[in-house]
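Structure record follows, encoded as C-alpha cells.
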Amino acid sequence: MKKCFQSLVTLSSKGPIQAELVSMMLRWLSEDITVHNEDLEGDRRRLLLRWVTQSLPETLPLLHTLLEKHCTAALSEASRKQIDVAKLHAAAVTATLNAVIAYAEWAPLTDLAKSGIINLCGFLLSAPEFRLHASEFFKLVSSRKRSVDASASEIDQVMRDIFQILMNISREFLHKSGSGLGSMDESEYDFSECICESMVSLGSFNLQSIAGDSAVFSLYLEQMLGFFKNYKFAIHFQSLQFWLVLMRDLTPKPRSSTHSACDSPSVSCSGSENAKKKDTFFTFSKENTSLLSDDFCSAMLDTSFLHILKREKTLPGTALSLVAPELWSDDFEDKGQFIQYRYSLLELIRFVASYKPLIAAAKVSEKIDTIIKSFLLSPSPSQDLAAIESMPLALENVVNAVFGGSNDMAEENAEVQLELCRTFEGLLQQFISLKWTEPALVEVLVHYLDAMCLFLKYSPDAAGSVINKLFELLTSLPLEIKETSTSSARHARLHICSSFIRIAKATDKSILPHLKVHLFKHPLYNVLGLSITIGDSFFKNLDVHFVAVALMENIQSMEFSHLRELVHCILIPLVKNGPVDMREIWLEKLLHPLFDHVQQALSCSWSSLLQDGRAKVPDTHGILSGSDLKVQVMEETLLRNLTRQICSLLSVIASPPLNTGIPSLEQSGHIIPFDMSSVKSLDAVASCSLVGFLLKHEGLALPTLRMCLEVFKWTDGEAVTKISSFCSAMVVLSTVTNHTKLVEYVSTDLFTSVIQGLELELNAIISADLVEICREIFVYLGDRHPAPRKVLQSLPFITSRDLHAFEESLSKTSSPKEQRQHMKNLLLMATGNKLKALAEQKRRLKLTGARDPDNCC
C-alpha cells in the first residue's frame, strides 16, 4: 500500500500534467467510497474504504503540497507572461481542489486542519481564478455537524479558524458592496453567495464554537445582518435561513409548553444534554442574546417589510421601485416559490415580534404610517397600490405574535402591554379615519382591519368602532345592477363578510352588542348572507347560539318587510350553503322560530284580507301616509311579498341538490312499480333530504305543514307556484317512508287542499303541477290508505261508477301523462266544472289554438 502511494507521489512531482492526473485519481478514490459504484460491493468496498482512510495522513499533506506548489507556480508563470505554462499549473490546482472537495465531505476536520489544507483554501478565497472552487470546500466543511465526543474541543478550534477565514473574506465583500451598486461585478456576487451559504451553515450547525467569544460572536452577527440587508436578493435569501433558525430558538415558549429546561433560551446546554436536542442549533445564553440589540431587530424588520413584495408588482417609475434592495422576481427561482419564500419572511417577522414585541409594534406601525401617507400624497395612487397591499400580512404576523398567547412577557408585564395597546390603538384609529370608497382600496383596508383581529380581543372597546367601520365600507360600495363573480365591488363585499367572521371568532361574544346596533339595518343581512356563501368557515367559526340570538330574539316584533329581508338575504343562503353535518345545529335553531312566528302572522293577515278586505300588517315605516286605499294596497303588497318569500324558502328546501335521498317515481315517462319492502324510516332519509330533515323535527314540521295547506286558500298564484315543489317532495317522502302521520297528512289534508287550490282561477298557470300532485297521491298512496278515495268520493258530483271507471282507466296505462289527463277529467266532472284553474287553462288553450300537452285523445 505504501509502495503504491509512493508511486503516486513520485508521479505527481514530475510536472503539472502528472500532478493533475494524480489529483484526479485521488478524487476518484474518495468519491468511490461516498458515491455508489456498482463495481465496488461488499469486501472490495470495505477494503478500499480502509485503505483510503488509513492513507489520509499521507494523502492530505500530498494534496496540500500540490495545491501550494502549483498555485505558486501558476502565479509566477502568469507574472512572467508564460500563459500556456501558467494554464497547466492552474489546471493542476483546479484538479487538486476538486480532490480536496471530495475529501471534505467525510475526512475528519482535525486531519484537514493538521494538513494545512483549510488555511491554504482560505488563502485561495482571495485568488479570483480559484475562489469558487475554494468556496465549495468551505460550504462542505461548514455544514459538518459538531461531534460530542472527546475531540469536541479540538473540532471547536478548527471551526473557530474556519469562522475567522470566512469572516475575513465576508468583511471585504460587505465593505466593497456597501460602497455602491457598481463596485462589484456578477462573478463577485456569485462568489459572495457561496460564502454567505457557508456562513449560514456555520451559524446553523457550529455557532457554539464561537459563542464564548462575545467579540467574534458579535462580529459574526453583524456580518450575517449585512448579508440579510444586501442589495442582491440571492444573498439576502441565503441569509434568511440563518435568521429563521436563530430567531426560532429565541421565540418565547408558552407556559404550558412541556419543553425541558435545556430548551429555554436562557439556559446553555452542553455535553450529552446538547446531543439530545432535536434541533441542530445551539441554545443561547443570556450573554449571547444581549448581542441581539433593538437595532438588530429593527434592521431585520425593515428589510423584511421591504421584501414582502414581488418585483413584478411594482411599476417602473414608482417610488417603490427606487428602494435599494433587489426584490424577488420569477427569474430567481420557479414561479411557485415566492409563496414559500414570503411565508419564511413572515415567519421571521413573527419570531422577531415575539422576541421584541415593543420594537416590532413600533416598526410595523411606523412603516404602515409612512406607506399610507405616501400613498395619500401620490399623484397616481393606483400605481402605488402594491406597496400598501403588501403590509397587512406583516401587520397580522406582528399582532398574532404579540397577542397570540405565546408571548408571556407581553401578558405578564403590564407596562409592556399598555404600550403595545397604545401603539395598536393609534394604528387602528388611522385605519378607521381613512375615507376610501374605491372597491380595491376598501378591500385593502379590510385586510388591515382583519390583521388587527387578535388585538381586538385585548381591546374589546375597539371592536365597536371596527364593526361600524366595516358597515360604513359596506354601504359605500356601489351596488351594480348585474354583479358577476369578477365584480370588484362584490369581491370587496365578500372580504368584508369574511372580516365579520374573523372578528366574531376572535372577540367571541363581545361583538354581540355591536352587531345588535346594526341588526335592523337591510347592511347586516347583506353581510351575513354573503358570509354564508363563503362556506364551511362561516358555520364552523361562528357560534350558532350567538347568531340565533342576534337574528331571532326580536322576531315577534319584526315588520313584514324586515322578515322578508331576513329570509331573502340570510336564511335562503343559509339553507343553500349549510354543510349537511351541521344542519342539526344551525337550521333547527333558526328555522324553528321563523316558521312558528311566520305561519301565525301570515294566517292572521290573510284571514283579515280575505274576510275584511285589509291585510293589517305590522309594518309602520314601510307604509306611506295617504288615502285608505293606498294604505290597503301597500299592506297587501307587503303581505304577498313575505308570503312569496317564505314559499321561495320552502322551494329551496325542496330543491334536488338538497334532496338527493328522494328517489324518482318515474323513468322515461312511465311509472316505476314501487316495492313496499324498500320503505324506510323518515330518519333514514333525513340525512340526504332536507325536506325529510324538516319533517323529522316536529317544531319545524307543524307550522310548515299548516302553511302548505293554507297557501292553497290564499289568493296568490305565485306563492302556490313556489310551494308546489315542496308539496311534491312530501308526496314522494310519504311514498318511500313508513311515517304514518305523513301518509295521513298527504292522503287527506294535502290532497283536499290541492283540489281546493284548483278552484282559484289565478292558479291556472300552475294547474298542471297541481293535477300531477293529485295523481301521485292517488296512484302511490291509494293502495296504502283509504283517504285518497274518500277525498274523491266527497266531491259533489262524483258517483261510485265514476270512481270505478277512473280507477279502471288508471290501471290500463302506466304513462304519467295519460294518468294525469284521467285525473284532470275526473276532477272537472266531479266538481261540476267548478275548478276554475282548469277551466281557465282550457280557455287559454282554446284562444291560442295550442294543444293541451296532457290530452292523449
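Residues in segment 225-235 that are assigned to a helix (DSSP H, G or I) and surrounded by 22 or more Cβ atoms within 10 Å (Cβ to Cβ): how many?
Residues of segment 225-235 that are assigned to a helix (DSSP H, G or I), as a first pass: 225-228, 233-235.
Then drop every residue that is not surrounded by 22 or more Cβ atoms within 10 Å (Cβ to Cβ), which leaves 227-228, 235.
The qualifying residues number 3.
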Which residue is surrounded by the fewest Cβ atoms within 10 Å (Cβ to Cβ), if the candidates are limited to segment 749-777 and must be over 52 Å from the mean Cα position of the chain (by Cα) and of a type outside the set (A, V, I, L, M)? Q756
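Here is a check on your reading of the model: is Q632 open to solvent by 80 Å² or more (accessible area, probe 1.4 Å), modelled with pLDDT of 85 or more and not charged (D, E, K, R)?
On the way: open to solvent by 80 Å² or more (accessible area, probe 1.4 Å): no; modelled with pLDDT of 85 or more: yes; not charged (D, E, K, R): yes.
No.
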How many residues are within 15 Å of C421 (Cα to Cα), of a type outside the set (S, T, N, Q) and not in a helix (DSSP H, G or I) when one looks only at segment 438-468? 1
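For segment 217-239, name all the residues that are farther than 11 Å from M167 by Cα and of a type in the set (A, V, I, L, M, F, W, C). I'd like the intermediate steps shown before the answer.
The initial filter retains those residues of segment 217-239 that are farther than 11 Å from M167 by Cα, namely 218, 225-239.
Residues satisfying the conditions are L225, F227, F228, F233, A234, I235, F237.
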Using beta carbons and a limit of 8 Å, which pairs, at least six apart or on different chains, have the first residue in segment 4-28 and of a type in the set (F, W, Y) and the second one open to solvent by 70 Å² or more (accessible area, probe 1.4 Å) and assigned to a helix (DSSP H, G or I)? F5/E58
Every residue from segment 78-116 that is among the small types (G, A, S), over 23 Å from S143 (Cα atoms), surrounded by fewer than 18 Cβ atoms within 10 Å (Cβ to Cβ) and in contact with a helix residue (DSSP H, G or I) (Cβ under 8 Å, 6 or more places away or on another chain): A78, A91
List the residue pairs whose Cβ atoms are under 7 Å apart, where the first residue sits in segment 188-208 and is closer than 16 Å to L240 by Cβ and small (G, A, S), the second is in a helix (DSSP H, G or I) and open to solvent by 10 Å² or more (accessible area, probe 1.4 Å), and the two are 6 or more positions apart or on different chains. S192/F173; S198/K139; S201/K139; S204/V245
Name every residue in segment 547-571 that is open to solvent by 20 Å² or more (accessible area, probe 1.4 Å) and not charged (D, E, K, R), in order of residue number. V549, N554, Q556, S557, S561, H562, H568
When only residues in segment 817-841 that are more than 21 Å from S794 (Cβ to Cβ) and modelled with pLDDT under 90 count, which is surrounded by the most Cβ atoms within 10 Å (Cβ to Cβ)? Q841
Quick one: which residue in L219, L174 is aliphatic (A, V, I, L, M), in contact with a Gly (Cβ under 6 Å, 6 or more places away or on another chain) and open to solvent by 20 Å² or more (accessible area, probe 1.4 Å)? L174
Sort out which residues of segment 131-149 are modelled with pLDDT under 85 and small (G, A, S), and write them in order of number. S147
Take R171 and tell me if it is more than 22 Å from C71 (Cα to Cα) and in a helix (DSSP H, G or I). yes
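The values are calculated or read from the model by the stated rules, or taken from the named source; none is laboratory data. Bear in mind that the values here come from a model prediction, so they are computed numbers and not experimental data. Please note: Cβ atoms are built from the backbone with ideal geometry, for glycine as well, and neighbour counts cover all protein chains shown. The protein model used for the area step is the full one, side chains on, heavy atoms only, and it has no ligands, DNA or RNA in it. Shrake-Rupley method; radii C 1.70, N 1.55, O 1.52, S 1.80 Å.
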